[in-house]
Amino acid sequence: MEVKAISPFEHMGTRRRGDVFEVSERIGERLVQKGLAEFVSPTVKEAASSNPAGDSSGASEPSDTSRRARSKKD
């Protein structure tokens with residue numbers, strides 16, 4: 001996830017106000033909770049939950065390839 005520094009702090013080097021950098025989800029949440037940074041890009045979970053219900057991304061149904069792989073195992 002990407003966060004943007006709101007005020008200067010030290011994390012893997014000096015982060016100045018306005019710096020945008022990549023951190024883990026856990027670290028990003030802590031920085032935001034402490035008021036040191038704000039989210040720039042959504043987490044994978046947030047991005048997935050923001051998809052409309054009618055989205056046909058295929059995430060809910062197995063692909064033909066995975067069906068074939070399972071049938072070969074049986």
Indicate the gyration tensor shape class of region 1-48 (rounded, prolate or oblate), computed on the Cα atoms with a ≥ b ≥ c the square roots of the eigenvalues: a/c under 1.5 is rounded; otherwise a/b larger than b/c is prolate and the rest oblate.
prolate
Charge context of E2, other residues only, Cβ under 12 angstrom, K/R +1, D/E -1
-3
F21 versus S41, label points 7 Å from Cα toward the beta carbon: distance in nm?
1.6 nm
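Computed from the coordinates by the stated procedures, all read-outs in this text should not be read as laboratory data. This one's a predicted model, so the numbers in the text were calculated from it and none came from an experiment. Positions of Cβ are generated from backbone atoms using ideal geometry, with glycine treated the same way; all protein chains shown enter the neighbour counts.
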